[in-house]
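What follows draws every value from the coordinates through simple rules; no lab data is involved. It should be emphasised that the depicted structure is a prediction, and the values quoted were computed from it without experimental measurement. Reconstructed Cβ throughout: ideal geometry from the backbone, glycine too, with neighbour counts over all protein chains shown.
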2 protein chains.
Amino acid sequence: MSQQERKAVIILSGGLDSTTCMGFAKEAGYELYPITFDYGQRHRIELNNARSVARHYGVEDRFKIISLGFLRDFGGSALTDDAIAVPRSDGDATEQEEGEIPVTYVPGRNLLFLSIATSFAETVGAEAIYIGVNALDYSGYPDCRPEFIAKVEEVMALATKVGVEGKPISIKTPLIMLTKAQIIREGIRMDVPYQLTTSCYNGEEKACGECESCRLRLKGFSDAGMADPIAYS
Amino acid sequence: MSQQERKAVIILSGGLDSTTCMGFAKEAGYELYPITFDYGQRHRIELNNARSVARHYGVEDRFKIISLGFLRDFGGSALTDDAIAVPRSDGDATEQEEGEIPVTYVPGRNLLFLSIATSFAETVGAEAIYIGVNALDYSGYPDCRPEFIAKVEEVMALATKVGVEGKPISIKTPLIMLTKAQIIREGIRMDVPYQLTTSCYNGEEKACGECESCRLRLKGFSDAGMADPIAYS
């Protein structure tokens, strides 16, 4: 198989991290198969961003949006359940304690995303799945840790036809031990289109600049000595 | 927490095996939370059967059907892809060789089912997930093996809030090492409503009696010395 034919599935949210994964997968020489999950996030901007990113990389035709409306039905997270408030960074009482699992944790989310990506990878013949998890900024999320990713790879090797046949799908986590500033420097080096992304939890037209996710992003650009190309309200 | 409040999620297809799992979970004293996956199977009879089984156990109100239409979109299995023929047991040329993975294998299916069941279990506070996998009759399916199930439990312990907090969700596989005849004897002892189930791959009103799945079922009843209560064409 030639270098050009190697395929990778990229779990793409339209945020900064997953879009940087598109850059890493492209740089590694993969044909890109982006997959986006519509899990009843409170806003639609992410999905539009993901599509714009896919278009930027010339792969809109094979970009897939997977509807997981049942996650909203299950509830249990501030990102999918209207009854739970999204924390802000300004001392909001709903913010979690140090070491606690955040209210924005979606139960079993990354396991679910990786399972679906595995089915997709197996059917298109992709050898790798990229996921933009990060163990530094999201240390409270159990499913962003390296030991979780390693264990899912072991499961995938046992669960899939390609794994049983000796060619298991690998999970690529190029961001997992990078700071936000390091991610952004790498992304800018690879011409990742950050102007198309947003990281805001609150889903307004303009990013709020105040939620945990906006705050991390802005600090990342600042630490990297770069300007964030998107608008804030 | 009292015995009555212990909850289990049961992955219910409306077939013989998963319906027997309802019996095992009830016998173990669990409140039953059945979950059924609509993954573009070729027929709708399974979904109706699953609902009838939930009704039989008095839990129709909390019975959930989860739509996974994207699996049909992915293709890659005789059960979801019209381009791949379902094998019959009469020497059809599409039947797999000994030791090969069957064409009815759905890529990554049980990993996906267990991932969704994990999200559901975590949000309802269930301590166990029942899945009717069987390592004897389905030895060609990589995701029916005990080592796969054990590894998924390890992943779930790492990936979930309850796992991190020291109360991981367990996966119950009461059928995994039973013959079909043993499953049926246990089910009849527990008054499992086999008259509501079908196992046929071909999805006609009456079971075909000829596909691999019908054949296994009929042999199971025969070996158990019991009559199968459903009609065959």
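Of the conditions (1) crowded, with 17+ Cβ neighbours inside 10 Å; (2) part of a helix (DSSP H, G or I); (3) among the small types (Gly, Ala, Ser), B:SER199 satisfies every one except a single condition; which number is it?
B:SER199 satisfies all of (1) crowded, with 17+ Cβ neighbours inside 10 Å; (2) part of a helix (DSSP H, G or I); (3) among the small types (Gly, Ala, Ser) except (2).
For the range A:145-170, how many residues meet the condition of being farther than 17 Å from B:LYS151 by Cα and more than 10 Å from chain B (Cβ to nearest Cβ)?
Number satisfying all stated conditions: 2.
Across the range A:114-142, which residue is nearest to A:LYS167 (Cα to Cα) among those that are within 11 Å of chain B (Cβ to nearest Cβ) and in a loop (DSSP other than H, G, I, E, B)?
Once the filter is applied, the top-ranked residue is A:GLY125.
State yes or no: is A:ALA150 among the small types (Gly, Ala, Ser) and touching a residue at least 60 places away in the same chain (Cβ under 8 Å)?
When the stated conditions are applied, A:ALA150 does not pass them.
Just name the residue that is nearest to A:ILE116 (Cα to Cα) out of those in the range A:52-75 that are aromatic (Phe, Trp, Tyr) and within 9 Å of chain B (Cβ to nearest Cβ).
Among them, the one singled out is A:PHE70.
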